[in-house]
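For reference, the structure I am asking about is given below.
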Amino acid sequence: MERTDNLETVKKFQKEGIKTRRALSIFTWLLIVVAFISSVAIWIVAKPVSIASTVPSGFSVQGVVVNQRAEYLDFGYLKANHVDFVYIQSTTGTALADNTFKKDMQRVQQAKLDRGIMHTFSSDSTAEAQVSYFIQEVGNKTGNLPIAISVNADQLQTQNSKTELVKMVKLLANHYNQEILIYTTPKVKKQLTTTIRQAHFWLVKNDTQSLKKQDVLVQYDADHVVGQGVRAIKLPTSVFNGSRQAYERLLQ
């Protein structure tokens with residue numbers, strides 16, 4: 001009798017164990033499904049969504065700036081969404097080169113987009129040293145747009161730093177026989193107008209108003225949405241200050 005009771009108890013525990021395992025299995029799958037749905041929802045929400053990428057009224061040529069911190073970009077997709085040119089960050093000072101700029105230059109060319117190179121000026125190094133480093137890293141792969149030099153206010157605290165910037169502009173222009181654009185804010189431009197009298201600028205601002213003839217490009221949005229739906233991406237976006245015919249004359 002006691003043996004029969006033990007068997008019944010064992011069977012009861014086995015049945016309860018099966019039920020528990022089934023419940024845990026169902027609960028586990030529910031967690032997996034919920035986690036998957038949540039991940040997809042977060043990804044969709046995190047991606048910028050746009051109805052269409054457009055060029056600001058009054059302008060006909062638009063481009064973007066990319067560097068190694070940007071995610072892998074489909075440049076053909078950018079071209080299909082009103083992007084005409086791409087500038088790629090290449091070097092900074094005398095010791096830092098972006099890891100992806102050479103491959104990006106090749107892929108931009110394959111996408112049949114106009115392309116340019118950007119160097120970030122450093123007041124810690126001489127103009128000669130920076131130009132030498134730029135030539136070493138970039139070679140002749142500067143694209144078909146003017147070379148851009150990025151300058152911020154912190155790098156122009158002294159008259160000597162302004163003098164070195166002037167030297168760098170002249171050295172690069174002479175070596176490559178290309179026009180040089182100074183990528184900076186209107187405030188820094190004001191500081192430089194008496195130092196570099198015939199300079200051309202790429203202004204960084206939040207609009208396209210009050211542009212001068214020497215303002216060749218203007219970055220009007222640091223987070224402009226290019227593309228549509230989940231493939232849309234935010235990039236610093238600029239327009240050419242002039243007609244498409246004038247832009248064509250700018251190309252090398």
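Readers should treat all values here as calculations from the given coordinates under stated rules, not as data from a laboratory. What you are looking at is a predicted structure, and each value in this text was computed from that prediction instead of being measured. Cβ: placed from backbone, ideal geometry, glycine included. Neighbour counts: every protein chain shown.
Determine, from the Cβ-Cβ distance of Glu248 and Gln191 and an R0 of 41 Å, the FRET efficiency 1/(1 + (r/R0)^6), rounded to the nearest 0.05. Show your work: numbers first, answer last.
On the way: r = 32 Å, r/R0 = 0.78.
Efficiency computed from Cβ-Cβ geometry: 0.80.
Here's something else I'd like to know. Round to a whole angstrom and tell me the spacing of the C-alpha centers of the stretch 185-216 and the stretch 78-93.
Between the Cα centre of the stretch 185-216 and that of the stretch 78-93, the gap is 20 Å.
If we count other beta carbons within 10 Å of each Cβ, what is the order of His119, His224, His82, fewest first? Mind dumping the intermediate values first?
Details: His119 26, His224 21, His82 17.
Taking fewest neighbouring Cβ atoms as first place, the list is His82, His224, His119.
For the pairs Lys187/Lys213; Lys79/Lys162; Lys187/Lys234; Lys103/Lys190, flag any whose C-alpha to C-alpha distance is greater than 27 Å.
Check vs 27 Å cut-off fails for Lys79/Lys162; Lys103/Lys190.
Separation between the Asn144 and Ser57 pseudo-spin-labels, each 7 Å from Cα along Cα→Cβ, expressed in nm?
It works out to 3.2 nm between the two label points.
Then there is this: Could you put Tyr133, Tyr72 in order, starting from the residue whose Cβ has the fewest other Cβ atoms within 10 Å? Mind dumping the intermediate values first?
Details: Tyr133 20, Tyr72 7.
Lowest count first: Tyr72, Tyr133.
Let me ask something else about it. Expected output is a single nm value to one decimal: the length gained when fully extending between Glu128 and Val230, i.e. 0.36 nm times separation in residues minus the C-alpha distance. What is it?
Here the segment from Glu128 to Val230 would lengthen by 32.2 nm.
Using the Cβ atoms and a cut-off under 13 Å, what net charge is assigned to the surroundings of Val239, where Lys and Arg are +1 and Asp and Glu are -1? Walk me through the intermediate numbers first.
Values: positive: Lys205, Arg244; negative: Asp84, Asp207, Asp215, Asp221.
After counting each charged neighbour, the total is -2.
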